[in-house]
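For reference, the structure is listed below as structure tokens.
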Amino acid sequence: DIATKLGHFEIASNIDFAGRMVNDSNYIGRLGAYYHKNPDHRKHMEALLRRWDLGFHGVEFEEVIPNPEKPEEKAIMMYGVHKGRTGPFRLGFRQESSGTVALFSLLAKLLPVLRKGGMAIIDELESDLHPLMLEPVLDLFFNERTNPHNAQLLFTCHAAEVLKYLHKCQVLLVEKNAHCESEAWRLDSVKGVRVDDNLYAKYLAGAYSAVPEFH
């Protein structure tokens, strides 16, 4: 029974055999094809990006033939639609800001898990995002309305600001020892850490270790 449950467990990740996936043109093209085939996720993605005030209005797709000698091989071109002074205008996704592309890429991993349940495993959640964007992204999982199936998010992060939004039992700290071995411990296993502690301030002050040491 356990194996059956695990076999149907939805897992989405931005990690492959080579490490964290890079938002290059090939990867963005694959994401475009995904959103094109999944209009419900596309609508949700567009609604979130509009709400998060990126000057973003929506996404348009065009089917193109990259190689005229192989007309059967088609590709999907994506354009971000924005509202300017004289009306809407389009930008190819290669011209979009790294922050917009990062959210576009991240939501392609998070939305399927939020809809069905399961786990999203994300390396460097904060990559290319403004620090204030961490809270609305995490809130997708905290909020019962957007996470009706209790999906989980497991992520690594270098932005200390994330400690403002987490409970001590949700935090794992990682530090490299003198032998170049990484050690990890859960913050609630540290003696003296209180529920009402300002985790962010105390971490920056070095109270929990796992901070860079400059000699």
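The figures follow:
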item	result
Cα-based convex hull, segment 21-81, per residue volume (Å³, whole number)	96 Å³
Per-residue HN-Hα couplings for segment 122-127 [Karplus 6.51, -1.76, 1.60; θ = phi - 60°; Hz; x = Gly/Pro]	10, 8, 6, 3, 7, 4
FRET efficiency estimate (nearest 0.05) - Cβ-Cβ, A178 to R51, R0 45 angstrom	0.45
Cα-based Rg and Dmax for segment 84-126, where Dmax is the largest Cα-Cα distance (Å)	14.3, 44
Overall form of segment 1-112 per C-alpha gyration tensor (a/c, 1.5; a/b vs b/c)	oblate
Length-normalised contact order for the chain - Cα pairs under 8 Å, 6+ apart - percent	16 percent
Mean Cβ count within 10 Å, highest first, over the residues of peptides 22-28, 95-101, 71-77, 178-184	95-101, 22-28, 71-77, 178-184
Nonlocal amide H pairs with F155, under 5 Å, H built at 1.01 Å	I122
Computed log₁₀ I(q)/I(0) - Debye formula, equal Cα scatterers, no solvent, the chain, q 0.10, 0.15, 0.18 Å⁻¹	-0.56, -1.09, -1.37
Mean Cβ neighbour count within 10 Å, used as a protection proxy, ranking 190-198, 53-61 highest first	53-61, 190-198
Estimated vicinal HN-Hα couplings, Hz - segment 168-173 in sequence order (Karplus 6.51, -1.76, 1.60; Gly, Pro = x)	4, 6, 9, 10, 10, 9
Estimated 222 nm signal from helices in the chain, with DSSP H stretches of n ≥ 4 weighted -39500 (n - 2.57), rounded to 500	-9500 deg cm²/dmol
Cβ charges +1 (Lys, Arg) and -1 (Asp, Glu), total dipole of segment 2-165, debye	420 debye
Positive-end residue, segment 2-165 charge dipole about Cα centroid, Cβ charges, pick of P148, F89, A3	P148
Too-long pairs where the Cα-Cα distance tops 21 Å, listed order kept, from K37/K116; K5/K116; K109/K176; K168/K202; K43/K164; K5/K43	K109/K176; K43/K164; K5/K43
Amide H within-cut-off set for E10, under 5 Å, with H built and near neighbours excluded	M119
Simple Cβ-charge dipole of segment 80-215, Lys/Arg +1 and Asp/Glu -1, about Cα centre, in debye nearest 20	620 debye
Share, in percent, of DSSP beta bridges within segment 2-165 that are antiparallel, nearest 5	70 percent
Karplus 3J(HN,Hα) series, Hz, for segment 87-101 with 6.51 cos²θ - 1.76 cosθ + 1.60 (x for Gly, Pro)	x, x, 9, 10, 10, x, 5, 5, 9, 6, 5, 4, x, 5, 5
Loop-resident sites, segment 114-171, for GluC sites (Glu not before Pro), counting at most 13 other Cβ within 10 Å (DSSP)	E144
Under 5 Å, built H, 5+ apart or other chain: amide partners of V59	V81
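Since every read-out is calculated from the coordinates, none of them should be taken as a lab result. On a predicted model such as this, the values are computed, not experimentally measured, just so you know. With ideal geometry, Cβ positions are generated from the backbone for all residues, glycine too; neighbour counts draw on all protein chains shown.
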